[in-house]
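A.B. asks: Following this message is one structure expressed as structure tokens.
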Amino acid sequence: MTPRPVVRVGVNGARGKMGVETVKAIRAQADLSLAFECGRSDDLSGAIQRTGAEVVVDFTRPDCGLANALAILDSGARAVIGTTGFQPTDIDRLRARCEERQSGAILAPNFAIGAVLLMKFAEIAARHFPAAEIVELHHDGKRDAPSGTAIATASRIAVGFAASGRSVSAPEVDAPSRGERHSGVALHSVRLPGLVAHQEVLFGRPGELLTVRHDTMNREAFMPGVLLAVRRVSSVQGLVIGLEALIA
């Protein structure tokens, strides 16, 4: 059997908590080679060109996520983006750049396989329940709130409601304590030391309550999804959002 070619992978944000785990995971794979590790003050484009990295994983900050993603594509590599906080206009720019470069990128709000399944289950449940709210809980160092996963889940719930011919059912209460609304769904964010990444979706109807919850206990749990994206990004065209298309 012909061995699979080794893919050269760079990690941007390699000194952060997710970056450290990603570097460790890549080094443990026979079919992947760690091309470089970049931090905040390093030259990302230069590192890609110097090492010939084919794929770059970006785990940085919302304020520089788009610039990093564009730099990766402009330098000739494929992008696996774990940085959250992208706005719709950012996504449009990234999609356009992928098309312009005839390249591919994967933007995933969450790399935990269980979280991807939670979003799918939430969409199914929304076809049968008239109301839903989301509570997401993360460590106190997470910069964005609500999380990218919570926003993506709200979008999936709205799709489920629409499939049943209903709109989101929620009381019109103008109070900050009732959560920030996305796609009509209320999202509540908790930031505390001791947490990693957790989310629950509560569905209600007269007489019953359904709760769908996912808990990430450590960052190692994200690595199977990261490695899946790294191995598959070279075969995608354009921008792929979320891991669901890769595991369906």
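The values are calculated or read from the model by the stated rules, or taken from the named source; none is laboratory data. As the structure is a prediction and not an experimental result, all values here were calculated from the model. Cβ atoms come from the backbone with ideal geometry, glycine included; neighbour counts cover every protein chain shown. Note: accessible area is taken over every heavy atom of the protein model, side chains too, but ligands, DNA and RNA are not part of it. Shrake-Rupley method; radii C 1.70, N 1.55, O 1.52, S 1.80 Å.
A.B. asks: Roll a 1.4 angstrom probe over the protein heavy atoms and tell me the percent of accessible area of segment 116-248 that is carbon or sulfur. Intermediate values should be presented prior to the final figure.
C.D. replies: Values: 3690 of 6540 Å².
Looking at segment 116-248 in its full context, I get 56 percent from C and S.
A.B. asks: Here is a follow-up. Count charges around H139 for me, please; just the other residues with Cβ under 11 Å from its Cβ, Lys/Arg as +1, Asp/Glu as -1. Kindly include the intermediate steps, with their values, before the conclusion.
C.D. replies: On the way: positive: K17, K142, R143, R191, R219; negative: D140.
So the environment of H139 carries a net charge of +4.
A.B. asks: Which lysines does K142 reach when only Cα atoms under 21 Å apart count, and residues fewer than 8 places away in its own chain are ignored?
C.D. replies: Candidates past the 8-residue exclusion: K17.
A.B. asks: Right, another one. Excluding residues fewer than 8 places away in the same chain, name every one of the aspartates and glutamates whose C-alpha is closer than 18 Å to that of K120.
C.D. replies: Filter leaves E133, E136, E200, D215, E244.
A.B. asks: Convex hull over the alpha-carbon atoms of segment 55-140: what's its volume per residue in Å³?
C.D. replies: Details: hull volume 11.2 nm³, N = 86.
Taking the convex hull of the Cα positions in segment 55-140, it is 130 Å³ per residue.
A.B. asks: Still on this structure, I have one more. What aspartates and glutamates sit close enough to K24 to cross-link, taking a C-alpha to C-alpha distance under 12 Å and skipping anything fewer than 8 places away on the same chain?
C.D. replies: Excluding near neighbours in sequence, the set is E37, E220.
A.B. asks: Could you pull out every residue, at least 5 positions away or on a different chain, whose amide H is within less than 5 Å of the one on R15? Hs are placed 1.01 Å off N in the peptide plane, and Pro or chain starts have none.
C.D. replies: HN-HN under 5 Å from R15: empty list.
A.B. asks: OK, next. Which value does Rg/Rh take for segment 154-248 over its C-alpha atoms, Rh per Kirkwood?
C.D. replies: Values: Rg = 17.0 Å, Rh = 16.6 Å.
We get a ratio of 1.03 for segment 154-248.
A.B. asks: Averaged per residue, what accessible area in Å² does segment 1-81 show with a 1.4 Å probe, protein chains only? Don't skip to the answer; put the middle values down first.
C.D. replies: On the way: 3930 Å² over 81 residues.
Spelled out: the 1.4 Å probe surface of segment 1-81, per residue, equals 49 Å².
A.B. asks: In degrees between 0 and 90, to the nearest 10, how far off the longest principal axis of the chain does helix 88-101 point, with axes built from Cα atoms?
C.D. replies: Between the helix axis and the principal axis of the chain, the angle is about 30 degrees.
A.B. asks: Also, I was wondering about something else. Where does the chain land at 222 nm, in deg cm²/dmol rounded to the nearest 500, when only DSSP H runs of n ≥ 4 count, each adding -39500 (n - 2.57), divided by all residues? All intermediate terms of the calculation are to be shown ahead of the outcome.
C.D. replies: Details: 8 runs with 87 residues, N = 248.
Per the formula, -10500 deg cm²/dmol.
A.B. asks: Also, I was wondering about something else. Which value results for Rg/Rh of the chain when Rg is the Cα radius of gyration and Rh the Kirkwood radius based on the inverse mean 1/r?
C.D. replies: Looking at the chain, the ratio lands at 1.00.
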